[in-house]
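Have a look at the structure below, then the notes.
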Amino acid sequence: KREDSRTTGAVHEIENILQMYGINRIEAYDISNTGGYESVGSMVVYEKGKPNRGQYRKFKIKTVKGPDDYASMYEVLSRRFSHGKQQQKDMEQGKISATGSFAIFPDLILMDGGRGQVNIALKVLDELGISIPVCGMVKDDRHRTRGLYYNNKELPIDTHSEGFMLITRIQDEAHRFAIEYHRSLRSKGQT
């Protein structure tokens with residue numbers, strides 16, 4: 001019962017806050033770099049409130065020079081969803097099986113930030129003709145999540161609720177995964 005409360009129950013709380021139903025797959029994205037050096041992006045996947053580590057993906061930023069998180073996020077999302085559309089097309093033509101991880105689109109995208117990050121994601125989706133709800137995780141002055149940014153509004157969230165704790169776990173996991181990849185590339189470069 002406790003596990004259900006932490007996972008599917010937490011997803012239902014998020015659905016209620018966003019007035020959205022049928023959320024199963026959530027993808028969250030983050031960017032990590034040191035002064036623009038070895039910029040990377042991360043994609044973490046949660047299904048039914050639990051991490052699906054086999055679906056996590058790392059992106060080495062190829063086109064952005066310097067510490068530009070918005071441009072880096074634009075590249076990551078463009079690559080992810082362009083590959084996804086191509087994999088879906090290949091599946092329809094029988095070229096690949098249904099195991100292509102990018103072919104499965106999320107029910108909700110969580111961005112590590114507010115309006116700016118959400119607008120980048122919406123721009124990419126619009127350019128690719130994809131419709132997926134995008135929600136930002138708004139932080140306070142101490143870099144802790146304080147609410148959700150959805151449909152041009154900041155929605156408050158009870159910081160003691162299971163939904164809030166799930167959002168925090170997702171945000172921390174996206175951050176951890178990006179930093180781990182960034183550190184490994186940075187240490188290889190220094191060696």
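Summing Lys, Arg as +1 and Asp, Glu as -1, what charge do residues with Cβ under 14 Å from the Cβ of Arg57 carry, Arg57 excluded? Numbers along the way, then the final one.
Working: positive: Arg25, Arg53, Lys58, Lys60, Arg79, Arg80; negative: Glu27, Asp30, Glu75, Glu173, Glu180.
Net local charge, Arg57 excluded: +1.
Hey, got a sec? Which chymotrypsin sites (Phe, Trp or Tyr not before Pro) in segment 1-89 land in a DSSP loop and have at most 14 other Cβ atoms within 10 Å? Working shown, then result.
Numbers: sites: Tyr21, Tyr29, Tyr37, Tyr46, Tyr56, Phe59, Tyr70, Tyr74, Phe81; in loops: Tyr21, Tyr56.
Loop-located and lightly packed - Tyr21.
From the backbone phi of segment 22-28, what are the Karplus-calculated ³J(HN,Hα) couplings (6.51 cos²θ - 1.76 cosθ + 1.60, θ = phi - 60°) in whole Hz, Gly and Pro given as x?
Karplus values, whole Hz, x for Gly and Pro: x, 7, 10, 9, 10, 10, 10.
Where nothing but the Cβ of Lys and Arg (+1) and of Asp and Glu (-1) is charged, how large is the charge dipole of segment 49-109 around its Cα centre, in debye to the nearest 20?
Result for segment 49-109 is approximately 260 debye, rounded to the nearest 20.
Got a number for carbon plus sulfur as a percent of segment 36-191's accessible area, 1.4 Å probe? Write down the numbers at each step before the final one.
Working: 4040 of 8260 Å².
Roughly 49 percent of what the probe reaches on segment 36-191 is carbon or sulfur.
Percent relative contact order of segment 69-191, based on C-alpha pairs within less than 8 angstrom and at least six residues apart? If you can, show how the numbers build up before the last one.
On the way: 123 pairs, mean separation 20.9, N = 123.
It comes to 17 percent, rounded to a whole number.
Considering the Cα positions of segment 107-155, please state its Rg to one decimal place and its Dmax as a whole number of Å.
Calculated on Cα positions, Rg and Dmax stand at 10.9, 36 Å.
Only helical DSSP H runs with n ≥ 4 go in: add -39500 (n - 2.57) per run for the chain, normalise by residue count and round the 222 nm mean residue ellipticity to 500 deg cm²/dmol.
Values: 5 runs with 83 residues, N = 191.
Using -39500 (n - 2.57) per qualifying helix, the result is -14500 deg cm²/dmol.
If you put +1 on each Lys and Arg Cβ and -1 on each Asp and Glu Cβ, how big is the dipole of segment 58-191 around its Cα centre, in Debye rounded to 20?
Around 600 debye, computed over segment 58-191.
How long is the gain from His160 to Arg115 if the chain were fully straight, where each residue apart is worth 0.36 nm and the alpha carbon distance is subtracted?
Working: separation 45, 0.36 × 45 = 16.20 nm, distance 2.40 nm.
So the extension gain works out to 13.8 nm.
Leu166: net charge of surrounding residues, Cβ under 10 Å, Lys/Arg +1, Asp/Glu -1, itself excluded?
Values: positive: Arg6, Lys50, Arg169; negative: Glu13, Glu162.
Taking every Cβ under 10 Å from that of Leu166, the sum is +1.
Tell me which residues come under 5 Å, amide H to amide H, from Val138 once H is placed; ignore anything under 5 positions away on its chain.
Arg146, Gly147, Leu148, Tyr149
Cross-link candidates for Lys89: which aspartates and glutamates have Cα within less than 18 Å, leaving aside residues fewer than 8 places away along the same chain?
Glu127
In whole Å, how far is the Cα centre of segment 1-36 from that of segment 135-164?
Segment 1-36 and segment 135-164 have Cα centres separated by 12 Å.
For Glu3, Glu162, what's the largest-to-smallest order of accessible area, 1.4 Å probe?
Numbers: Glu3 85, Glu162 30 Å².
Descending order: Glu3, Glu162.
How far apart, in nm, are the 7 Å Cα→Cβ label points at His83 and Asn52?
Calculated label separation equals 1.5 nm.
Which entries of Lys48/Lys123; Lys58/Lys123; Lys58/Lys85; Lys60/Lys123 show an alpha-carbon separation above 24 angstrom in the structure shown? Could the numbers behind the result be given before it?
Details: Lys48/Lys123 27 Å; Lys58/Lys123 21 Å; Lys58/Lys85 18 Å; Lys60/Lys123 21 Å.
Check vs 24 Å cut-off fails for Lys48/Lys123.
Compute the FRET efficiency between Asp4 and Thr63 as 1/(1 + (r/R0)^6), taking r as their Cβ-Cβ distance and R0 = 30 Å, and round to the nearest 0.05.
Numbers: r = 43 Å, r/R0 = 1.43.
Efficiency for this residue pair is about 0.10.
Note the full-extension length gain between Arg183 and Asp90 as 0.36 nm times their separation in residues minus their Cα-Cα distance, in nm to one decimal. Before the final figure, lay out the partial values.
Details: separation 93, 0.36 × 93 = 33.48 nm, distance 3.45 nm.
Fully extending the segment from Arg183 to Asp90 adds 30.0 nm.
Which is the longest run of the chain containing none of the trypsin sites (Lys or Arg not before Pro) found in DSSP loop states (not H, G, I, E, B) with at most 14 other C-beta atoms within 10 Å? Show your work: numbers first, answer last.
Details: sites that count: Lys1, Lys48, Lys62, Lys65, Lys95, Arg142, Arg144.
Here the longest segment lacking exposed loop sites spans 145-191.
The values are calculated or read from the model by the stated rules, or taken from the named source; none is laboratory data. If you're wondering where the values come from, they're calculated on a predicted model, not measured in any experiment. FYI the Cβ positions are ideal-geometry reconstructions off the backbone, even for glycines, and counts take in every protein chain you see. Calculation scope for accessible area: heavy atoms of the full protein, side chains included, ligands and nucleic acids excluded. Shrake-Rupley method; radii C 1.70, N 1.55, O 1.52, S 1.80 Å.
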